[in-house]
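Trainee: Take a look at this one; I'll ask things after.
The values are calculated or read from the model by the stated rules, or taken from the named source; none is laboratory data. Predicted model, so just to flag it, every value in this text is computed and none were measured. Quick reminder, even Gly has a Cβ in these numbers, built from the backbone with ideal geometry, and neighbours come from all protein chains shown. These accessible areas exclude ligands, DNA and RNA; they are computed on the full protein's heavy atoms, side chains included. Shrake-Rupley method; radii C 1.70, N 1.55, O 1.52, S 1.80 Å.
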Amino acid sequence: MPKRGSVKRRPLRASGSRKTAAMTKGWSAALEQGRKQAQAVLDQRKAIAARRRTARGFRAAPRESPGLLLAEGDSWFDYPFFDVLEELEEGFGYSIESVAHKGDTVEEMAYDANQLDKLARKLEKLGRGGKVPRAILLSGGGNDIAGEEFSVLLNHKLSSLPPLNEQVVAGLIDERLRAAIVELASAVTHLCQESLNATVPMVMHGYDYPVPDGRGYLGGFWILPGPWLAPGFRKKGYDDSQMRLRCDLMVELIDRFNTLLQGIAGGPGLGHLHHVDLRGTLSQRLQGKAYKSWWNDELHPTEQGFARVAAKFDQLIRQVA
């Protein structure tokens, strides 16, 4: 018997057994959860593939690939389940290599050494394998314009000033973005020449006319929250009842950005940079909310919208590369 006042201790083996059992149970649960998450993605991809097979007018990918494409960009090239690259690969048969990442700005692509290093390593890998992309695709500028600072592009609706603040718009688009895009294109060109001993055609787009209706990804949840435009409009007095005016102002901004790209493409030292004009590819029609068939949220197309955009890319790639 134990001495008086002493405490009877439980065998350590029993405690260890319970801990082991708990860890085993947790391990099994984690394994099962991993399988469930992977299966959910596979189910989603099967559903997308089924829609593609039955979609009216959707053309099947050719058996022989029309070539390799390398991409750098933002969420138009890196959107959950469907984006421009996905459609070019699945619908048109291209082989795709990408360093695109959702949320990236053009200034990050141009000035962040880590960003350029990822592209450099990708090109070095292609060079070692003797592979030269048919074209390099660039997508950027949307995140530089939209987002938390979007409202600074606007004058207040109750002021006597024009809706767009010309000085701020000019500073952003005509100066900052112009410099960043030229420097990005120059950097990509140099990396290609060093790693591939080739000047590869580049294709850059200027987006389409969005509808700033306040919709974010999955209602403003998960990895692409949003909205990116409506909060700025509301802050400057353009409420939800003035959707047409909001849309018209976005037309002005997108036109301004595309004019910038048209002026850069084919310029000195960048004769191999081409501008794909996507304006009017998707609907901005508010009546009956028809635009929702083409816009998944404020900034990103739906699956069929991305398919139309990819077709414009394919058309230009075949012309210039």
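Trainee: Name the residues whose placed amide hydrogens come within less than 5 Å of the amide hydrogen of SER98, ignoring near sequence neighbours (fewer than 5 apart) on the same chain.
Mentor: So SER98 has HN proximity to ALA71.
Trainee: Can you tally the net charge around SER98? Count Lys and Arg as +1, Asp and Glu as -1, for every other residue whose Cβ sits under 9 Å from the Cβ of SER98.
Mentor: Values: positive: LYS122; negative: GLU72, ASP78, GLU97.
Charge balance near SER98 sits at -2.
Trainee: Taking all protein chains as present, what is the carbon and sulfur share of the accessible area of region 162-321, in % to the nearest whole number, probe 1.4 Å?
Mentor: 51
Trainee: Using a Gaussian network model of the chain with C-alpha springs under 10 Å, which one of ARG121, ARG178, ARG18 is most mobile by mean-square fluctuation?
Mentor: Most flexible of the set in this elastic network: ARG18.
Trainee: Something else about it: Under 5 Å between amide H atoms, partner at least 5 residues away or on a different chain: which partners does VAL203 have, H built in plane at 1.01 Å?
Mentor: Those qualifying (amide H under 5 Å, at least 5 residues apart or on another chain) are ILE136, LEU137, LEU138, HIS274.
Trainee: Can you run phi through the Karplus equation (6.51, -1.76, 1.60; θ = phi - 60°) for region 250-262 and list ³J(HN,Hα) in whole Hz, with x for Gly and Pro?
Mentor: 5, 4, 4, 5, 5, 4, 4, 5, 5, 4, 4, 5, 4
Trainee: Also, quick follow-up: Rounded, prolate or oblate, given the Cα gyration tensor of region 81-163, with a/c below 1.5 counting as rounded?
Mentor: prolate
Trainee: Here is a further query. Averaging over every viewing direction, what projected area does the convex hull of the Cα atoms of region 145-300 cover, in nm²?
Mentor: In nm², the orientation-averaged hull projection of region 145-300 is 10.6.
Trainee: With a 1.4 Å probe and all protein chains left in place, how much accessible area per residue does region 174-321 have, in Å²?
Mentor: Computed with neighbouring chains in place, this is 43 Å² per residue.
Trainee: Now, a different point. Decide, for region 154-233, between rounded, prolate and oblate: order the square roots of the alpha carbon gyration tensor eigenvalues as a ≥ b ≥ c, take rounded if a/c falls under 1.5, and otherwise choose prolate if a/b is larger than b/c, else oblate.
Mentor: oblate
Trainee: What Rg and what Dmax come out for the chain when only alpha-carbon atoms are used, in angstroms?
Mentor: For the chain, the Cα-based Rg and Dmax read 25.2, 96 Å.
Trainee: Let me ask something else. Could you order peptides 228-236, 270-278, 204-212 by the average number of other Cβ atoms within 10 Å of their residues, highest first?
Mentor: 204-212, 228-236, 270-278
Trainee: From the mean inverse distance of alpha carbon pairs (Kirkwood) and the Cα radius of gyration, derive Rg over Rh for region 132-179. Could you put the intermediate results ahead of the total?
Mentor: Numbers: Rg = 14.9 Å, Rh = 12.6 Å.
Value, to two decimals: 1.18.
Trainee: If you don't mind, another one. Please give me the summed charge of the neighbours of SER195: other residues whose Cβ is under 12 Å from its Cβ, Lys and Arg +1, Asp and Glu -1.
Mentor: Surrounding charge for SER195 is +3.
Trainee: Identify which of LEU88, LEU249, LEU70 has the largest mean-square fluctuation in a Gaussian network model of the chain, with springs joining Cα atoms closer than 10 Å.
Mentor: Greatest mean-square fluctuation among the candidates belongs to LEU249.
Trainee: Label region 216-290 by shape, choosing from rounded, prolate and oblate, from the square roots a ≥ b ≥ c of the eigenvalues of the Cα gyration tensor; if a/c is under 1.5 it is rounded, and otherwise prolate applies when a/b is larger than b/c, oblate when it is not.
Mentor: prolate
Trainee: Please report the base-10 log of the normalised intensity I(q)/I(0) for region 114-212, using a Debye sum with one equal scatterer per alpha carbon and no solvent, at each q in 0.10, 0.24 (1/Å).
Mentor: With one equal scatterer per Cα and no solvent, log10 I(q)/I(0) is -0.41, -1.27.
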